[in-house]
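The values are calculated or read from the model by the stated rules, or taken from the named source; none is laboratory data. Keep in mind the model is a prediction, meaning the values are calculated, not measured. Methodologically, a virtual Cβ is constructed for each residue, glycine included, from the backbone with ideal geometry; neighbour enumeration extends over all protein chains shown. The area values use the complete protein model at the heavy-atom level, side chains included, leaving out ligands, DNA and RNA. Shrake-Rupley method; radii C 1.70, N 1.55, O 1.52, S 1.80 Å.
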Amino acid sequence: MGRLPFKNRRQENKKAARKPPDAWEEDRRGIDAFATGILQDIARERPLNDPYAALRLLRQSFVPVRRDVVEIKAARADDSLFAIRFARLKESIEGGLPPLPETVARRCALIADTYLGNNEEFPRRGADVAWHFAVSSSNMIKSRVLAAAVRFMRPTRCLEIGTAYGLSAAIIAFAQQRVVPEGRLLTIEIGEIQHRLSAALLAELFGDRIECCRGATQAVLASAVMRMAPVDFVFHDGGHSGEAYVRDFGNMVDALAPGAVVVFDDIRWQNRFAPGTESRCYEGWREVAAHPRIEAAIEVGTALGMVMLA
Ligand SMILES: C[S@@+](CC[C@H](N)C(=O)[O-])C[C@H]1O[C@@H](n2cnc3c(N)ncnc32)[C@H](O)[C@@H]1O
């Protein structure tokens, strides 16, 4: 099918935004068949460790989906390029998240499946890497929010806190490659096993476009961001507590560029391994959102907080 003229595409997007969720059912069935086809293709290349997980991940990469957006701090009526880009990003999250490109979805399915076959011991949780990868990595819907943020904001210098196994770093870097090919990403991880495995994977995929730093943010963040400054995009996904959000934001705010976007994951997170403890993530998120350098702040679904800097 040829490309739709731009005007018609816009009308299509508006129509999609108005469709009730069940009107997407037919589209979903088509996407299921498409994802199954890719899965079968991959399975011809090599046996899969967890075909169901791979299929779920492929479906999530393409399925029509949108997220509610709640405005915590509204941007001033402003026609700066950053404000316009942020408004477009917000629209695309609410109206229908862009799917991941098929090549990216395939690579991510293969990366995930490789980890899901890794039985190296993960002693701290009495489990193995396969188990820990599954509980700690972002799903593909969250990945699509990240990819959309990078696509619309076009950041040159990106930072991630909490690499884990490198899945979200790969999503950010693939998205950045399409809009700012010379862009760079620095990602920070405290855990030895996660750092070792993700650094090898990300070096193979992106060479020296990605720097993997091992350490706790408390020790390494301030110097890392000063080295990179000005930073245009941050995904904060390590250290889930109100205290960590506020501390890490304080350590990076002077290095953030005007118009930079910071995404906080799991703003309502509770530690299921330490019942009874209070993470106070939400309080921390709201404290960050109230910082005077924050121009606009939104909540995306229940899990993500996103701010844009003045
Ligand atoms: C939820 S996982 C990250 C998932 C990853 N961003 C993804 O979506 O694929 C959180 C990671 O942050 C790391 N982490 C926790 N506290 C940290 C800290 N203070 N400094 C650096 N890394 C930290 C953990 O070891 C863990 O691997």
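What pairs can you find where one residue is in region 193-218 and closer than 19 Å to Phe235 by Cα and within 14 Å of the ligand (Cβ to nearest atom), the other is β-branched (Val, Ile, Thr) and in a helix (DSSP H, G or I), and their Cβ atoms are less than 6 Å apart, with a gap of 6+ or different chains?
That search, which allows pairs on different chains as well, returns Cys213/Val220.
Going through region 224-242 one residue at a time, which ones are within 14 Å of the ligand (Cβ to nearest atom) and over 22 Å from Ser137 (Cα atoms)?
Answer for region 224-242, where residues must be within 14 Å of the ligand (Cβ to nearest atom) and over 22 Å from Ser137 (Cα atoms): Ala224, Val225.
Tell me which of these Ile298 doesn't satisfy, since it passes every other one: (1) open to solvent by 20 Å² or more (accessible area, probe 1.4 Å); (2) at pLDDT 95 or above.
(1) is the only condition that Ile298 fails.
Kindly list the number of the only condition in (1) within 13 Å of the ligand (Cβ to nearest atom); (2) buried (at least 21 other Cβ atoms within 10 Å of the Cβ) that fails for Ser138.
Every listed condition holds for Ser138 apart from (2).
Does region 181-218 hold any residues that are of a type in the set (S, T, N, Q), in a helix (DSSP H, G or I) and buried (at least 18 other Cβ atoms within 10 Å of the Cβ), and which are they? Steps first, please.
So the first thing to find is which residues in region 181-218 are of a type in the set (S, T, N, Q), and the list is 187, 194, 198, 217-218.
Then keep just the ones that are in a helix (DSSP H, G or I); that gives 194, 198, 217-218.
Of everything in region 181-218, those that are of a type in the set (S, T, N, Q), in a helix (DSSP H, G or I) and buried (at least 18 other Cβ atoms within 10 Å of the Cβ) turn out to be Gln194, Ser198, Thr217.
Considering only residues of region 243-288 that are open to solvent by less than 40 Å² (accessible area, probe 1.4 Å) and over 19 Å from Ile188 (Cβ atoms), which is farthest from the ligand (Cβ to nearest atom)?
If we filter region 243-288 for residues that are open to solvent by less than 40 Å² (accessible area, probe 1.4 Å), which is where we start, we get 244-245, 248-249, 252-253, 255-257, 259-267, 274, 279, 281, 284-285, 288.
Narrowing the set further to residues that are over 19 Å from Ile188 (Cβ atoms) leaves 259, 267, 274, 279, 285.
On the way: Gly259: 23, Ile267: 13, Ala274: 14, Ser279: 12, Trp285: 16 Å.
Checked region 243-288; the qualifying residue farthest from the ligand (Cβ to nearest atom) is Gly259.
List pairs: first in region 148-167 and among the aromatic types (Phe, Trp, Tyr), second more than 12 Å from the ligand (Cβ to nearest atom), Cβ under 6 Å, 6+ apart or cross-chain?
Phe152/Arg85; Phe152/Arg88; Phe152/Leu89
Do we find that Leu221 is touching a residue at least 24 places away in the same chain (Cβ under 8 Å), away from the ligand (no atom under 11 Å from the Cβ) and either surrounded by fewer than 24 Cβ atoms within 10 Å (Cβ to Cβ) or not in a strand (DSSP E or B) (or both) in this structure? Quick ask: steps written out before the conclusion?
Working: touching a residue at least 24 places away in the same chain (Cβ under 8 Å): yes; away from the ligand (no atom under 11 Å from the Cβ): no; either surrounded by fewer than 24 Cβ atoms within 10 Å (Cβ to Cβ) or not in a strand (DSSP E or B) (or both): yes.
The answer is no for Leu221.
Under 6 Å between Cβ atoms, at least 6 apart or on separate chains: pull out the pairs that start in region 241-268 with a residue that is over 27 Å from Leu81 (Cβ atoms) and end on any residue that is basic (Lys, Arg) and more than 14 Å from the ligand (Cβ to nearest atom).
If the second residue must be basic (Lys, Arg) and more than 14 Å from the ligand (Cβ to nearest atom), the pairs left are Gly242/Arg280.
How many of the residues in region 96-113 are buried (at least 18 other Cβ atoms within 10 Å of the Cβ) and part of a helix (DSSP H, G or I)?
Initially, region 96-113 is screened for residues buried (at least 18 other Cβ atoms within 10 Å of the Cβ), giving 96-97, 99-100, 104-106, 108-109, 111-113.
Among the residues that remain, those that are also part of a helix (DSSP H, G or I) are: 104-106, 108-109, 111-113.
Summing the residues that are buried (at least 18 other Cβ atoms within 10 Å of the Cβ) and part of a helix (DSSP H, G or I) in region 96-113 gives 8.
Those residues that are of a type in the set (D, E, K, R), assigned to a helix (DSSP H, G or I) and either in contact (Cβ under 8 Å) with a residue 12 or more places away in the chain or in the same structural domain as Val261 (by TED's automatic domain parsing) (or both), I need them from region 42-83; list them, please. Break it down into steps so the answer makes sense when it comes.
Taking region 42-83 first, the residues of a type in the set (D, E, K, R) are 44-46, 50, 56, 59, 66-68, 71, 73, 76, 78-79.
Filter once more, keeping what is assigned to a helix (DSSP H, G or I): 44-45, 56, 59.
Residue satisfying the conditions is Arg59 alone.
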